[in-house]
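To start, the structure itself, in structure tokens.
Please treat every number below as a calculation from the coordinates, not as lab data. The shown structure was predicted, so the numbers you read here are calculated from the model rather than taken from an experiment. Positions of Cβ are backbone-derived with ideal geometry, glycine not excepted, and every protein chain shown enters the neighbour counts.
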């Protein structure tokens, strides 16, 4: 039954301000440094980036090194068999964006994952040899290094090759991730050989993971660049495995792939300028929609996670995700009305509708949902001594991608075909029609929520951030930004603070434990919201710069060092790796 729209008088909304979740307890301090900072989901990869910076490399050199290192030490999510996005801001303020999202093979057709009765066969788009798009990571990293890097490819890739050839010792977070993929990896003999213990069991903490085939692949790329990956023995091995197992990728698909340099999206929030991801990422547009709506309200006065603040944020998310799912897609195939969506008049109209309608059931919006993205992505943020900054989010989609490895290559292939709309234009059992803009077409890039973002303030670099988390990436980035900008949280607190999320469908507020106080939960339920507590999600990786000028000591602090008191010092960098991924680390120089 459709819920009625719950309208809130202004006086009632003001009354909700008192129902605020308790402020989060102070967490460990952010890592403080002066000459450079790398924050990623794996401490070994962060150390590789810091090593490149110490050797005189710039932020792009370090970002490329970290990307290849993550392909070795974070096989669930780091990759050369997937794709992603890179947002760049040079020290002079120049901003660029590299799109290395995967593309659909030439043999793709829009109904390729439907059975004879026209029903979606989701297994085929998630696991196995028909699930993969053309990998883009190598092309994207190579483009960035050639355009803005300062060091030879062989030098920035040497640490990753060393980690693959000599191996690294698995810690508990590593083996926990591998354990979650055991059943899927066991189904492919090559994946099982590489990532499972002898006999097919789960590897244990203390085991050394050696990846000789991957080392050889990386050595070939280091010597020959993207050409070695897309034209030659590596592509031939993938194509041969595809033919043997009824897959779709061919050598011609590899040879035709190109990473694309695009203009980033820019928007502002309370005087802070965002540089973020354009389509085929939906992340930047959706982020700017949410923040653009919120900017019309005093969120500081509303209070962190008060019922009023949550209500406003949830409704901004609801409308933003509806527009995302309805209108966004690969700009090389569909017209994406970015300027119209982010126009001040449109943002004001959305805000006015929220004020008028109160709690708007998602069923009141015409149905056109897109696919459900998987959360097993990884993000890293890099800043060098000059102030150049790089934010990279890349993925194989689900954990371990398609869970298949072409013999002799050493890397997992993605399952990004599942990010397309499998059955557009036809109502499902619930009368929902999926988005045509994200339908499968050859060479098309599937829609994504990855949101690598850089923030400026008064012309200075202020923040570099992003997160894994599937469709929740956008809300993670939005909440991290509002934690800093609206609520004055220090960097580590901002990324560790508990979260909530709404994405239009399903029509519910997901929230982490301790994100909402009992009073806030009660008020939100009385307003008509459905709330679902879930285990923590995402892993924001944030670098924040110190202010332009020194600020006076916080009178509430104990007067000890800046890291412990939370005061940020001019000329310093602060790295915060999300506690939700214990393998991650911020490493500074």
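Please compute the length gained on full extension between residue 169 and residue 549, using 0.36 nm multiplied by the number of residues separating them and subtracting their Cα-Cα distance. Working shown, then result.
Values: separation 380, 0.36 × 380 = 136.80 nm, distance 4.33 nm.
Fully extending the segment from residue 169 to residue 549 adds 132.5 nm.
Take residue 180, project a point 7 Å from its Cα along the Cβ direction, then tell me which residues of the range 68-91 have their backbone nitrogen under 15 Å from it.
So the set is 74-78.
Assuming 0.36 nm per residue, please report the length gained on full extension of the stretch residue 268 to residue 343 beyond their Cα-Cα distance.
Details: separation 75, 0.36 × 75 = 27.00 nm, distance 1.16 nm.
Here the answer is 25.8 nm.
For the range 488-557 and the range 285-310, what is the separation of their C-alpha centers, rounded to whole Å?
Cα centroid of the range 488-557 versus Cα centroid of the range 285-310: 12 Å apart.
Counting each DSSP H run of 4 or more residues in the chain as -39500 (n - 2.57), what helix-only mean residue ellipticity at 222 nm follows after dividing by all residues, to the nearest 500 deg cm²/dmol? Write out the running numbers ahead of the final one.
Working: 22 runs with 208 residues, N = 589.
Theoretical 222 nm ellipticity from helices: -10000 deg cm²/dmol.
Kirkwood Rh and Cα-based Rg: tell me the resulting Rg over Rh for the range 76-170, rounded to two decimals.
Details: Rg = 18.2 Å, Rh = 16.5 Å.
With Rg and the Kirkwood Rh in hand, the quotient comes to 1.11.
Any idea how far the Cα center of the range 388-412 sits from the one of the range 102-173, in Å?
When both Cα centres are located, 4 Å separates them.
What spacing in nm lies between the two simple spin-label points modelled at residue 193 and residue 355, each 7 Å away from Cα in the Cβ direction?
About 6.6 nm, to one decimal.
If you take the alpha carbon radius of gyration of the chain and divide it by 2.2 N^0.38 Å, what ratio comes out, to two decimals? Don't skip to the end; give the middle numbers.
Working: Rg = 23.0 Å, N = 589, 2.2 N^0.38 = 24.8 Å.
Here the Cα radius of gyration is 0.93 times the empirical estimate.
What do you get when you divide the Cα radius of gyration of the range 249-393 by 2.2 N^0.38 Å, with N the number of residues? Please list the in-between numbers first.
Values: Rg = 17.7 Å, N = 145, 2.2 N^0.38 = 14.6 Å.
So the Cα radius of gyration is 1.22 times the expected 2.2 N^0.38 Å.
From largest to smallest, what semi-axes in whole angstrom does the range 206-301 give when each is the square root of 5 times an eigenvalue of its alpha carbon gyration tensor?
Details: eigenvalues 363, 68, 42 Å².
Result for the range 206-301: semi-axes of 43, 18, 15 Å.
How big is the range 33-90 in terms of Cα radius of gyration and Dmax, in angstroms?
Rg, Dmax (Cα atoms, Å): 11.3, 35.
If you consider only alpha-carbon coordinates, what radius of gyration and Dmax does the range 255-294 have, in Å?
Rg and Dmax of the range 255-294, Cα atoms, are 12.7, 45 Å.
If the chain between residue 204 and residue 240 were fully stretched, how many nm would it gain, using 0.36 nm times the residue separation less the Cα-Cα distance?
9.7 nm
With 10 angstrom as the radius, rank 471, 281, 381, 268 by how many other C-beta atoms surround their C-beta, starting from the fewest. Could the numbers behind the result be given before it?
Values: 471 23, 281 31, 381 35, 268 14.
Fewest-to-most ranking of 471, 281, 381, 268: 268, 471, 281, 381.
Would you kindly work out the equivalent ellipsoid of the range 402-536 from its C-alpha gyration tensor and give its semi-axes, the square roots of five times the eigenvalues, largest first in whole Å?
Numbers: eigenvalues 197, 123, 50 Å².
The answer is 31, 25, 16 Å, longest axis first.
Please order 237, 444, 525 by the number of other Cβ within 10 Å, starting at the fewest.
Values: 237 19, 444 23, 525 13.
Lowest count first: 525, 237, 444.
Neighbouring Cβ atoms within 10 Å as the yardstick, rank 219, 462 fewest first.
Details: 219 17, 462 22.
By the 10 Å Cβ count, ascending: 219, 462.
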